[in-house]
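The values are calculated or read from the model by the stated rules, or taken from the named source; none is laboratory data. Every value quoted in this text rests on a predicted model; they were computed, and no experiment measured them. Don't worry about glycine lacking a Cβ; one is built from the backbone with ideal geometry, like all the others, and counts go over all protein chains shown.
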Amino acid sequence: MGALARWKLDLRAVRTLLYRAPTPRERGLRYAATVMAGGFYGSGNDPSQWTPPDWAGGAFYRATWAGARATNADLAILTSYSARVEPTDIQPHPEWADQYLALTATLSNEWRST
């Protein structure tokens, strides 16, 4: 085999590695996305240094579900139903009634349909 033919084979191998790396699904793996209505964010073990994001009437929750759809997740893990201390809960609450339960139904149905 001549040098040009060897070079073409090497180029094909490089292209395969660069442009056609196996996806997680092709390797037999699955991807799980985490969806949440809110939570505390910060560093360290001192909760007084943590700050909650603005839930923005469900916009943060919608964005996490959009991420699950955009990444074509195989599984969506909801954090969480009742962890009020964190706060990541979506259970009915005087502050938002059942808004987050209704959003969960809508957004999870949209995710399943993709």
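Checking each residue of the stretch 44-54 against the condition of being without any contact (Cβ under 8 Å) to a residue 12 or more places away in the chain, assigned to a helix (DSSP H, G or I) and not small (G, A, S) gives at least one match. Filtering the stretch 99-114 to residues that are modelled with pLDDT under 90 and farther than 15 Å from F60 by Cα leaves W111, R112, S113, T114.
Looking only at residues of the stretch 31-47 that are among the hydroxyl-bearing types (S, T, Y) and modelled with pLDDT under 75, we find that the one that is farthest from R84 (Cα to Cα) is S43.
Summed over the stretch 83-97, the residues that are touching a residue at least 40 places away in the same chain (Cβ under 8 Å), under 18 Å from N45 (Cα atoms) and not hydroxyl-bearing (S, T, Y) give a count of 2. Within the stretch 99-113, the presence of at least one residue that is exposed (fewer than 13 other Cβ atoms within 10 Å of the Cβ), among the basic types (K, R) and under 15 Å from the mean Cα position of the chain (by Cα) is confirmed. Checking each residue in the stretch 68-94 for being touching a strand residue (DSSP E or B) at 6+ places or on another chain (Cβ under 6 Å) and surrounded by 13 or more Cβ atoms within 10 Å (Cβ to Cβ) picks out A68, A73, A76, L78, T79, T88. Residues in the stretch 58-89 that are farther than 18 Å from A32 by Cβ and modelled with pLDDT of 85 or more: G58, A59, F60, R62.
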